[in-house]
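Trainee: Structure provided below as structure tokens; questions to follow.
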Amino acid sequence: MVLLQVQSLSKRFGETPAVDDLNIDIDSGESLVLLGPSGCGKSTLLRMIAGFETPDRGCIRLSGQDITHIPAHQRQTNMMFQSYALFPHLDVAGNVGFGLKQAGLARAHIAKEVGALLDLVSLQGFQRRRISELSGGQRQRVALARALARKPKLLLLDEPLGALDKSLRMETQAELLRLRQTLGLTMLIVTHDQDEAMVLGDRIAVMRAGRFEQVGTPREIYEEPANRFVAGFCGETNLIEGVVGWNEIVSSLGTFYAPRGLAKGTKVTLALRPEAIRVGTTGRVSGTLQAQAYLGDITYLTVACNGGETLKVMQTNAGSASTEFKPGSQVWLDFDGRALRVLTD
């Protein structure tokens, strides 16, 4: 069942189109992630859905109701800001219960709801703590509890984990997934972190210059990128130029079968993920190992190929099964041709 409909939505700041004729639906219970570089329009789109920006054109519907011009506080949405926007003069209970108090609910009811929300985010007994006494991760949980207090139909999260360190970010991702399953949340999340998008999204909408470059599942975005931008932005990849011959694509890595429908002479880009490449003493392409970085479970390598390309390689460290080379070593790279993605845009 469709919960949110965005139809032909546009917003300009001066002469610059921040959001350019966007259309997308979000199903009830779904988690959609807006992914893209800074300035691509993802936060502007989120703020229009929240009611903090007014579209120049288009329509936003929530449960079938047109909310395009309804004030933010009257929408059945709630937003968790990147900065958390907690009130320093209020304690934890005051922050979490702020929206409930504004709604005129009874004090006893508010106290009960706040206690339940703090239990939900594992902050039992923190009601009287000051915001200044909390760690970054605890503040993030308070902000999340406050966003959930009004039981929104749609939870909006703007870079929710950006201020956390790596280990705490992974822990909080797991917490968000747990809360989503427990409460049946529908979420729209903004991030520029590709790994975070892969973890939190049922679908990912990759944005550039106010438009969607591709919308799909994490697997579709990663394994079947629509164009060069998506391939390069979503995870590490090697991009190799090629040209279509009669039935083949000719490139510095060799000759590969050309998909149907590509005319002779068409310039294409071959996308090859680093983990699809194997390093050894035999293979398709020879080169010189320039650098390597050991990261525990994996090793990153940079290889200057004799054909002129420099390729990034990622290999798992599986004990004796891994072959070790030193910078300056002559190596061979091998890969399955089916791992190549042919991009025309």
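Trainee: Quick check on my filter: what residues within segment 202-227 are assigned to a loop (DSSP other than H, G, I, E, B) and touching a Pro at 6+ places or on another chain (Cβ under 8 Å)?
Mentor: Selection gives ALA209, GLY210.
Trainee: Conditions: (1) more than 19 Å from the chain's Cα centre (by Cα); (2) at pLDDT below 95. SER38 meets all but one. Number of the miss?
Mentor: SER38 satisfies all of (1) more than 19 Å from the chain's Cα centre (by Cα); (2) at pLDDT below 95 except (1).
Trainee: Here's something else I'd like to know. Report yes if GLU171 is acidic (Asp, Glu), surrounded by 18 or more Cβ atoms within 10 Å (Cβ to Cβ), assigned by TED's automatic domain parsing to the domain that holds GLY94 and out of contact with any Lys or Arg (no Cβ under 8 Å at 6 or more places or on another chain), otherwise no.
Mentor: no
Trainee: Step by step: first the residues of segment 93-132, then only those that are in contact with an Asp or Glu (Cβ under 9 Å, 6 or more places away or on another chain) and part of a helix (DSSP H, G or I), then the one that is farthest from ASN78 (Cα to Cα). Which residue is that? So that I can check it myself, show each step before the final result.
Mentor: As a first pass, look at segment 93-132 and keep what is in contact with an Asp or Glu (Cβ under 9 Å, 6 or more places away or on another chain): 96-97, 100, 105, 121-122, 126-131.
Next, only the ones that are part of a helix (DSSP H, G or I) stay: 96, 100, 131.
Values: VAL96: 13, LEU100: 13, ILE131: 21 Å.
The extreme case among them is ILE131.
Trainee: Suppose we filter LEU272, LEU253 for residues that are within 29 Å of LEU35 (Cβ to Cβ) and either touching a Gly at 6+ places or on another chain (Cβ under 7 Å) or assigned by TED's automatic domain parsing to the domain that holds CYS40 (or both); which single one remains?
Mentor: LEU253
Trainee: In this structure, does ALA106 turn out to be touching a Phe, Trp or Tyr at 6+ places or on another chain (Cβ under 9 Å), assigned by TED's automatic domain parsing to the domain that holds THR172 and more than 30 Å from PHE212 (Cα to Cα)?
Mentor: In short, no.
Trainee: Here is a follow-up. Filter segment 316-343 for residues that are in a loop (DSSP other than H, G, I, E, B) and either surrounded by 10 or more Cβ atoms within 10 Å (Cβ to Cβ) or at pLDDT 85 or above (or both) and give the result.
Mentor: Matches in segment 316-343: ASN317, SER322, THR323, GLU324, PHE325, LYS326, PRO327, GLY328, SER329, PHE335, ASP336, LEU340.
Trainee: Check segment 237-250 and report whether any residue there is surrounded by 14 or more Cβ atoms within 10 Å (Cβ to Cβ) and under 17 Å from the mean Cα position of the chain (by Cα).
Mentor: Checked segment 237-250: at least one residue is surrounded by 14 or more Cβ atoms within 10 Å (Cβ to Cβ) and under 17 Å from the mean Cα position of the chain (by Cα).
Trainee: So how many residues does segment 238-261 have that are closer than 13 Å to THR344 by Cα and small (Gly, Ala, Ser)?
Mentor: So in segment 238-261, the residues closer than 13 Å to THR344 by Cα come out as 239-244, 249, 258-261.
Those still in the list that are small (Gly, Ala, Ser) too: 242, 258, 261.
Within segment 238-261, residues that are closer than 13 Å to THR344 by Cα and small (Gly, Ala, Ser) number 3.
Trainee: All but one of (1) touching a helix residue (DSSP H, G or I) at 6+ places or on another chain (Cβ under 6 Å); (2) more than 30 Å from ARG12 (Cβ to Cβ); (3) charged (D, E, K, R) hold for ARG141; which doesn't?
Mentor: Of the numbered conditions (1) touching a helix residue (DSSP H, G or I) at 6+ places or on another chain (Cβ under 6 Å); (2) more than 30 Å from ARG12 (Cβ to Cβ); (3) charged (D, E, K, R), the odd one out for ARG141 is (1).
Trainee: Quick one: count up the residues across segment 8-51 that are more than 18 Å from GLY216 (Cα to Cα) and polar (S, T, N, Q).
Mentor: Final tally of qualifying residues: 6.
Trainee: Checking PHE212 against (1) touching a residue at least 24 places away in the same chain (Cβ under 8 Å); (2) out of contact with any Asp or Glu (no Cβ under 8 Å at 6 or more places or on another chain); (3) farther than 17 Å from LEU32 by Cα; (4) of a type in the set (A, V, I, L, M, F, W, C), which single condition isn't satisfied?
Mentor: Only one criterion is unmet by PHE212, namely (3).
Trainee: Please give the strands (runs of 3 or more DSSP E) falling wholly within segment 1-87 in which 1 or more residues are assigned by TED's automatic domain parsing to the domain that holds VAL142, of a type outside the set (A, V, I, L, M) and touching a Gly at 6+ places or on another chain (Cβ under 8 Å).
Mentor: In segment 1-87, the matching strands (runs of 3 or more DSSP E) lie at 2-13, 16-27, 31-35, 77-80.
Trainee: Checking ALA205 against (1) out of contact with any helix residue (DSSP H, G or I) (no Cβ under 6 Å at 6 or more places or on another chain); (2) of a type outside the set (Phe, Trp, Tyr); (3) surrounded by fewer than 17 Cβ atoms within 10 Å (Cβ to Cβ); (4) more than 23 Å from VAL114 (Cα to Cα), only one condition comes out false. Which one?
Mentor: Result: ALA205 passes all but (3).
Trainee: Scan segment 27-49 and report the pairs whose first residue is farther than 17 Å from ALA209 by Cβ and whose second residue is in a helix (DSSP H, G or I) and at pLDDT below 95, with Cβ atoms within less than 8 Å and a gap of 6+ or a chain change.
Mentor: Here the result reads SER31/ARG180; SER31/LEU200; VAL33/GLU196; VAL33/ALA197; VAL33/LEU200, each pair linking segment 27-49 to a residue that is in a helix (DSSP H, G or I) and at pLDDT below 95.
Trainee: Among the listed residues GLU224, GLU220, identify the single one that is in contact (Cβ under 8 Å) with a residue 12 or more places away in the chain, more than 19 Å from SER38 (Cβ to Cβ) and surrounded by fewer than 18 Cβ atoms within 10 Å (Cβ to Cβ).
Mentor: Just one listed residue meets the conditions, GLU224.
The values are calculated or read from the model by the stated rules, or taken from the named source; none is laboratory data. Just so it is clear, the model here is predicted, and its values are computed rather than measured. Every residue, glycine among them, receives a Cβ derived from its backbone with ideal geometry; neighbour counts consider all protein chains shown.
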